[in-house]
Amino acid sequence: MTAAPKPEILREPRFLAWLRWQRCVVCEHLGLKQETTSDPAHTPKTRIHGDIAVSLCRAHHTEEEHLQPAAFWTKVGIDPIARYAIQHARFEYEEAVLAGAWG
């Protein structure tokens, strides 16, 4: 009997570093003034899949850690997977511009 292969874990240190320079997705969504820097926050149920994360300020990151993640994201009215897709697409575009692939 052969063991099932482990899924490849996506590692994107450049994306995680880029997230630290982005606005908190909750502050942006709710129109709040961001008081602290952002940190990458791994989205619910994705930690095993690697670096699927969004940017959260320290206050919202702490709140997300204290609540159940699903309750936090419901409370703030954000789909974290959809927001990840938006932030990651922006990251890829900026990387392409820096590499000279666009315009």
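The values are calculated or read from the model by the stated rules, or taken from the named source; none is laboratory data. Fair warning: this is a prediction, and the values are worked out from it, not measured in the lab. Glycine also receives a Cβ, built like all others from the backbone with ideal geometry; neighbour counts cover every protein chain displayed.
Taken over segment 77-103, the criterion of being hydrophobic (A, V, I, L, M, F, W, C) and either within 14 Å of the chain's Cα centre (by Cα) or buried (at least 17 other Cβ atoms within 10 Å of the Cβ) (or both) is satisfied by 78, 81, 82, 85, 86, 89, 91. Among the residues of segment 64-103, those that are part of a helix (DSSP H, G or I) and closer than 11 Å to residue 54 by Cα comprise 80, 81, 82, 83, 84, 85, 86, 87, 88. Consider segment 48-63 and keep the residues that are assigned to a helix (DSSP H, G or I) and of a type outside the set (A, V, I, L, M). The one that is modelled with the lowest pLDDT is 49.
For segment 48-75, a tally of residues being aliphatic (A, V, I, L, M), closer than 17 Å to residue 27 by Cα and surrounded by 18 or more Cβ atoms within 10 Å (Cβ to Cβ) returns 3.
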